[in-house]
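What follows is a single structure, written as C-alpha cells, with notes after it.
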C-alpha cells in the first residue's frame, strides 16, 4: 500500500474560518486519513448532531459510510475517539480555529448514546428498588457524561465517577 509523496500529504496551509469551509477541510482531512489507512469508505457531513457534547460552537458532524468499518470503531469506541481527536488537531492547525468535530461510523455513536441512556435509567430503577449502589464498567469520558446527564434530574439516584484514567467508572447510588 505505498502511497506517493503527493498522495500522502495532508494540507497544512491555513484556510478560511467559515463553517462550510471548515466542514470541507475536516471532510478532506478525514478522507485523506482513511485513504492512508487503506480503508474504503465515504465521508458524509451530517445535519443532526450526535448528542455527545454541548458546545458553544455548532459542532461539525461527519459520518463514515462503508462496509466492514468495525476497525474504525475499535474496542469500546477507542479507535473512533482517537481518530476524532487527530482530525480535530489537524483541522485546528489548518484553519487556525478550534471547532468541535464529531465523527461517527455508520451511526455507531448515536446507537451507543441511546443504549447508554436506556441502560442508565434501567440501572437507576434497580438501584432505587434495591437501595444498593451499582458500578458500571470503565467507560470513555463522553460515555460517562451521557450517564451523568441522563440521570442528572433523577429524583432517587445520584451518579459519581471513580477511578483513574482508562479505569474510570460511573457509580449510580441511591440519594
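The values are calculated or read from the model by the stated rules, or taken from the named source; none is laboratory data. Computed from a prediction, not measured in an experiment: that's the story for all the values here. All Cβ positions, glycine included, derive from the backbone under ideal geometry; neighbour counts span all protein chains shown.
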**Report entry** Hey, residue 96 under 28 Å from residue 172 (Cβ atoms) and at pLDDT below 90 or not
**Finding:** no
Query raised in the report: Is it true that residue 74 is within 19 Å of the chain's Cα centre (by Cα), farther than 18 Å from residue 102 by Cβ, modelled with pLDDT of 85 or more and not assigned by TED's automatic domain parsing to the domain that holds residue 140?
Result: no
Report summary line: Checked region 1-47 for anything modelled with pLDDT of 50 or more, under 21 Å from residue 66 (Cβ atoms) and assigned to a loop (DSSP other than H, G, I, E, B); matches are 10, 38, 39, 40, 41, 47
